[in-house]
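The values are calculated or read from the model by the stated rules, or taken from the named source; none is laboratory data. This is a predicted model, so every value here is computed, not measured. Neighbour counts run over all protein chains shown; Cβ positions are idealised from the backbone, glycine included.
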Amino acid sequence: MILLDIKNLNIAFKSREKYYQALYNVDLELEEGKMLAIVGESGCGKTLTAMSILRLLAPNAKILSGEIIYKGKNLLSLSEKEMQNIRGKEIALVPQDPMTSLNPLYTIGSQLLEVIEKHQNLRGGEAKKRAAEVLEMVKIPSAKERLKAYPHEFSGGMRQRVIIAMAIACRSKIIIADEPTTALDVTVQAQIIDLLKEIQLNLGTSFIFISHDFGLVYEAADTAAVMYAGHVVEKSTAKEIFINPKHPYTKALINALPDFNTEKLKAIEGQPPSIKDEFEGCSFEPRCPQSLDICRFKPPLNFKSDNTCTACWLYK
């Protein structure tokens, strides 16, 4: 069952009286109880796509067209009051940096209670009991006592667990995890990924997992979409994309992963385009080692090979 369906989403930003497009015809589907990964370089549109779901866009952003269907409703047509009932309660966000997301002046317990009281209508002892329960669910030891602690008393991994606890405290149907392991070491990264998978399995929560690390995506996600310069260039199962990538950009991302058998990293030549750059054809063509004459024309995302949708003329 499709829980969230993004259709033909186009977004632009205004700069000096002119709009520059940042997302182009983005189509994504999130199945109930599954994890969709969105992968790509910084600035490719991953977080922008996620923030559009929550309608948390910058003041100079404009949604040109598209739909985001959740439970039969187009989120883009809802009022701000209706969206406030969805944010946190139905769709929650685990941001990239937990330290800046937690208020250093308030205890972990008071910040958890604020979320629980607002979205779960629990008060007093019941709210405190729920707060301790969710801390236990994310494997924070001595949960009841740690409610009195402040954010600076937690490690980076533990702070990220607190943010995840806030997301599951309201029994959110969808959790958007925006690069939740970026600032953590490898061991803690693995622990956070295991925790997300456990929540997905035990609570039936659906995840949108944003990352630039294909290794994590392979381990965690069910399906994956690769983005470049505001376009979705490849979609399939996470394992299919990792094992048998089609688009030259996807191949380049995977080849750029560190290889302990060699001293050199295989960097992608060139630079990603600016939002102000205009392309009639494939936006990856200037950096693509397999470019063809036909790449001067924009490829649609409908070339299928081995159950993979690829926006590349090589698979016409």
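Annotations
- Residue selected from the stretch 276-312 under the condition of a type in the set (A, V, I, L, M) and closer than 18 Å to V226 by Cα, by the criterion surrounded by the fewest Cβ atoms within 10 Å (Cβ to Cβ): L301
- Test result for K14, without any contact (Cβ under 8 Å) to a residue 12 or more places away in the chain and either exposed (fewer than 15 other Cβ atoms within 10 Å of the Cβ) or small (G, A, S) (or both): no
- Qualifying residue in the stretch 281-299 (condition: free of Cβ contacts under 8 Å to residues at least 24 places away in the same chain and under 23 Å from the mean Cα position of the chain (by Cα)): no
- Check on E90, among the acidic types (D, E), closer than 20 Å to I168 by Cα and buried (at least 17 other Cβ atoms within 10 Å of the Cβ): yes
- Residues in the stretch 236-245 that are surrounded by fewer than 24 Cβ atoms within 10 Å (Cβ to Cβ) and touching a helix residue (DSSP H, G or I) at 6+ places or on another chain (Cβ under 8 Å): A238, K239, F242, P245.
- Contacts under 6 angstrom Cβ, first residue in the stretch 21-34 being more than 11 Å from I68 (Cβ to Cβ), partner of a type in the set (A, V, I, L, M) and part of a loop (DSSP other than H, G, I, E, B), 6 or more apart: A22/I275; E32/M1
- For the stretch 191-202, the condition holds for no residue, the condition being that it is more than 11 Å from the chain's Cα centre (by Cα) and at positive phi.
- Strands (runs of 3 or more DSSP E) within the stretch 213-316 that include 2 or more residues hydrophobic (A, V, I, L, M, F, W, C) and within 23 Å of A50 (Cα to Cα): 223-228, 231-237
- Taken as a whole, the structure places S142 among residues that are of a type outside the set (D, E, K, R) and either touching a residue at least 24 places away in the same chain (Cβ under 8 Å) or more than 21 Å from L56 (Cβ to Cβ) (or both).
- Top-ranked residue of the stretch 30-72 - restricted to ones that are assigned to a strand (DSSP E or B) and charged (D, E, K, R), ranked as nearest to P180 (Cα to Cα): E31
- For F303, the stated conditions do not hold, so it cannot be described as aromatic (F, W, Y), more than 22 Å from the chain's Cα centre (by Cα), modelled with pLDDT under 90 and closer than 22 Å to G215 by Cβ.
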